[in-house]
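Novice: One structure is given below, represented as structure tokens, and several questions about it will come after.
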Amino acid sequence: MKVTRSSILAYCGRAGRLLGRPRWLAGLFLLCALPTGLGIALLTPIDMFSDEFAHIGRADALRYGEILGVAAPGTPPGMARGFVIVNTGIFNVLLNKEFAAAYPDKPVPALARRETEAIKWDSRPAYSPSQMVEYLPIFYTPGALGLLAGEKLGFSPLDTVYLGRIAMLLAFIAMGTAALALARFGAALLFAILTLPAVLNLASSYNQDGMMLGACVLATALLTRATAAPGRSWFAALALLIAVVCAKTPYAALLLFCLPPLCGPGFWRRAGFVLLGFVPPGLWLIHCIRAGFIAYGRAPYQPGPLWPGGHDIWLTTVQPHDNLLVLLAHPAQLIILPLVTLKAFWWATWPLLLGGMASGNLRIPAWEYPCLIFALAAAALEALSGRPAGWRVWDAGFAALALFAAFIGMEIALYVTFTSVGLPYIEGVSGRYFLPLMPFSVFLLGYAGSRLARLPHLAMGWFCLPAMAMALVNIYVLPALMFHVFRMPGP
């Protein structure tokens, strides 16, 4: 058979279409994420993920029906209920010596590991501090079920904690696999986001941010299937986003992605359901305000330059009331502070957004960063070929404003609840807080220019290849990194 340029292009097109098939992407994600995530989960010491002490306590309390948080004995009246009741055996695991010996990135001493393995079950309740009581604990359910199963199956407390990690990972993989199988467009970008090292690191822990990202990706995929008339995909996406916003109310603007097309049929019906969707997170926010936010302690400090009162006072905590006064005195800072902080700290944020491992102090090998950026860029090009049904340019503009509002909400929440009073920037911003926003970019890229999709013989599936290659490589690289740093074989 004569080989011609047209036959080669036709073959490449068929191969590219095969690569871009949703089921193929879903299967490859499952193949890559499961061994990579298991390696990370089992080779990372207990408490070594971001805030895992508090997250494990929240999950263990959930299996006993503890949702609202409690005040420990001796807590002064009026203070926030910043404790949860957990099993004493699990609590003793959380106080393990290997964390103190290995933090932030040192080998686990053999003696510390043996002492942690020797911890026995203790049915007495213990009060564990957890700032996570301010989050409705929807996304801790898999971890709670894993902890319950481990105890009932006769596992040791240490092995039970690892089983909870695996349960969280499996739930994330299930959502990611379903999202890739269901997405009508943008699947390559969703795949690239789901397989980022920082994402798989979060998904392998009790940190609810991993589960929240999985829910956002699945909601995005369902919205790519939605039509103007609300159907099953639309309602499922709305339910997932309500769960996300209940877990972290600063992301409330993400619910607005269920409104477009703004001029399409059924808009007022969609608007009514979206309005109802704000009710559950609104009720949870009211509960948090009534119960009181946890006041974070600080070394004695004087208020920053934005403080509208006297600067000769000394403070030892961060009180939301005080920073709300700052914002009332300087309303323009609602926009200025997030943008200034993003610009000032982006140099430290983006490496953790892509490749922050363990508690965020550990980074992936330097050679991975340009490869991951290229993979994300290529996958973004694939997203140029798809648009939601019935959307127009103004719908994309509205979606961009909703995404910006979610970004502002996340940053301002950190300013109010975590930043020392009156500072001209925001403290505590982590790369992982940007991850739930990334999947929704697929709704904007189709309007950034779609000429690429019109080129003859072009199969958009080829743009998945860089992300696929990185996912396959990281099956070995990421677990090997954790083993090299912590030198532990897992439970």
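The values are calculated or read from the model by the stated rules, or taken from the named source; none is laboratory data. Owing to the predicted nature of the structure, the values given are computational and were not obtained by experimental measurement. Every residue, glycine as well, gets a Cβ built from its backbone with ideal geometry; the counts of neighbours run over all protein chains shown. Note: accessible area is taken over every heavy atom of the protein model, side chains too, but ligands, DNA and RNA are not part of it. Shrake-Rupley method; radii C 1.70, N 1.55, O 1.52, S 1.80 Å.
Novice: Mind listing whichever residues of the stretch 341-365 are in contact with a Pro (Cβ under 9 Å, 6 or more places away or on another chain) and loosely packed, with under 15 Cβ neighbours inside 10 Å?
Specialist: Scanning the stretch 341-365 gives a single hit, 361.
Novice: Here is a follow-up. Go through 292, 304, 277 for me and flag whichever is under 29 Å from the mean Cα position of the chain (by Cα), modelled with pLDDT of 90 or more, surrounded by 13 or more Cβ atoms within 10 Å (Cβ to Cβ) and small (Gly, Ala, Ser). Even if it seems obvious, please write down each step before you answer.
Specialist: Values: 292 fails: modelled with pLDDT of 90 or more; 304 fails: under 29 Å from the mean Cα position of the chain (by Cα).
Of 292, 304, 277, the one residue that is under 29 Å from the mean Cα position of the chain (by Cα), modelled with pLDDT of 90 or more, surrounded by 13 or more Cβ atoms within 10 Å (Cβ to Cβ) and small (Gly, Ala, Ser) is 277.
Novice: Taking residue 124, is it charged (D, E, K, R), surrounded by fewer than 22 Cβ atoms within 10 Å (Cβ to Cβ), modelled with pLDDT under 95 and closer than 28 Å to residue 380 by Cα?
Specialist: Against the criterion (charged (D, E, K, R), surrounded by fewer than 22 Cβ atoms within 10 Å (Cβ to Cβ), modelled with pLDDT under 95 and closer than 28 Å to residue 380 by Cα), residue 124 does not qualify.
Novice: I'm trying to understand the selection: among the residues of the stretch 256-276, which are more than 25 Å from residue 212 (Cβ to Cβ) and outside any helix (DSSP H, G or I)?
Specialist: Matches in the stretch 256-276: 261, 262, 263, 264, 265, 266.
Novice: Here's another thing I want to ask about it. List the pairs whose first member sits in the stretch 281-305 and is touching a residue at least 24 places away in the same chain (Cβ under 8 Å), whose second member is assigned to a helix (DSSP H, G or I) and open to solvent by less than 30 Å² (accessible area, probe 1.4 Å), and whose Cβ atoms are under 6 Å apart, counting only residues at least 6 apart or on separate chains?
Specialist: Taking only residues 6 or more apart or on different chains, the pairs are 281/245; 281/246; 284/246; 293/320.
Novice: Hey, another quick one. Search the stretch 461-479 for residues being of a type in the set (A, V, I, L, M, F, W, C) and open to solvent by less than 30 Å² (accessible area, probe 1.4 Å), and hand back the single one that is modelled with the lowest pLDDT. Don't jump to the end; show me each part of the working.
Specialist: First pass over the stretch 461-479, keeping only residues of a type in the set (A, V, I, L, M, F, W, C): 462-465, 467-473, 475, 477-478.
With the extra rule that they be open to solvent by less than 30 Å² (accessible area, probe 1.4 Å), the set shrinks to 464, 467-468, 470-471, 477-478.
Working: 464: 87, 467: 94, 468: 94, 470: 96, 471: 96, 477: 96, 478: 96.
So the residue we want is 464.
Novice: So which residues in the stretch 435-457 are of a type in the set (S, T, N, Q) and at pLDDT 75 or above?
Specialist: Residues of the stretch 435-457 that are of a type in the set (S, T, N, Q), as a first pass: 441, 450.
Selection gives 441 alone.
Novice: Shifting gears a bit: Given the conditions (1) farther than 18 Å from residue 171 by Cα; (2) open to solvent by less than 20 Å² (accessible area, probe 1.4 Å); (3) modelled with pLDDT of 85 or more, report the number of the one that residue 72 does not fulfil.
Specialist: (3)
Novice: Now for a different question. Against the conditions (1) among the hydroxyl-bearing types (Ser, Thr, Tyr); (2) surrounded by 24 or more Cβ atoms within 10 Å (Cβ to Cβ); (3) more than 23 Å from the chain's Cα centre (by Cα), where does residue 140 fall short? Just the number, please.
Specialist: Failed condition: (3).
Novice: So residue 432 fits all but one of (1) among the basic types (Lys, Arg); (2) modelled with pLDDT under 75; (3) crowded, with 21+ Cβ neighbours inside 10 Å; what number is the exception?
Specialist: Answer for residue 432: the failing condition is (2).
Novice: In the stretch 179-196, how many are over 15 Å from residue 468 (Cβ atoms) and either crowded, with 24+ Cβ neighbours inside 10 Å or in contact with a strand residue (DSSP E or B) (Cβ under 6 Å, 6 or more places away or on another chain) (or both)? Walk me through it before giving the result.
Specialist: Here is the first cut: in the stretch 179-196, the residues over 15 Å from residue 468 (Cβ atoms) are 179, 181-186.
Next, from what is left, pick out any that are either crowded, with 24+ Cβ neighbours inside 10 Å or in contact with a strand residue (DSSP E or B) (Cβ under 6 Å, 6 or more places away or on another chain) (or both): 179, 183, 185-186.
Residues flagged as over 15 Å from residue 468 (Cβ atoms) and either crowded, with 24+ Cβ neighbours inside 10 Å or in contact with a strand residue (DSSP E or B) (Cβ under 6 Å, 6 or more places away or on another chain) (or both) within the stretch 179-196 amount to 4.
Novice: So, of the residues in the stretch 366-385 that are open to solvent by less than 50 Å² (accessible area, probe 1.4 Å) and of a type in the set (Gly, Ala, Ser), which turns out to be farthest from residue 196 (Cα to Cα)?
Specialist: 383
Novice: Does residue 141 satisfy the condition of being farther than 30 Å from residue 223 by Cα and part of a helix (DSSP H, G or I)?
Specialist: On the way: farther than 30 Å from residue 223 by Cα: no; part of a helix (DSSP H, G or I): yes.
So residue 141 fails the test.
Novice: I need the full set of residues from the stretch 144-159 which are touching a strand residue (DSSP E or B) at 6+ places or on another chain (Cβ under 9 Å) and open to solvent by less than 10 Å² (accessible area, probe 1.4 Å), in order please.
Specialist: Taking the stretch 144-159 and keeping what is touching a strand residue (DSSP E or B) at 6+ places or on another chain (Cβ under 9 Å), we get 147, 151, 157.
Answer for the stretch 144-159, where residues must be touching a strand residue (DSSP E or B) at 6+ places or on another chain (Cβ under 9 Å) and open to solvent by less than 10 Å² (accessible area, probe 1.4 Å): 147, 157.
Listed here are the residues, each with its yes/no results for (1) farther than 19 Å from residue 481 by Cα; (2) open to solvent by less than 10 Å² (accessible area, probe 1.4 Å); (3) assigned to a helix (DSSP H, G or I); (4) hydroxyl-bearing (Ser, Thr, Tyr).
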position: 48; (1), (2), (3), (4): no, yes, no, no
position: 58; (1), (2), (3), (4): yes, yes, yes, no
position: 64; (1), (2), (3), (4): yes, no, no, yes
position: 98; (1), (2), (3), (4): no, yes, yes, no
position: 108; (1), (2), (3), (4): no, no, no, no
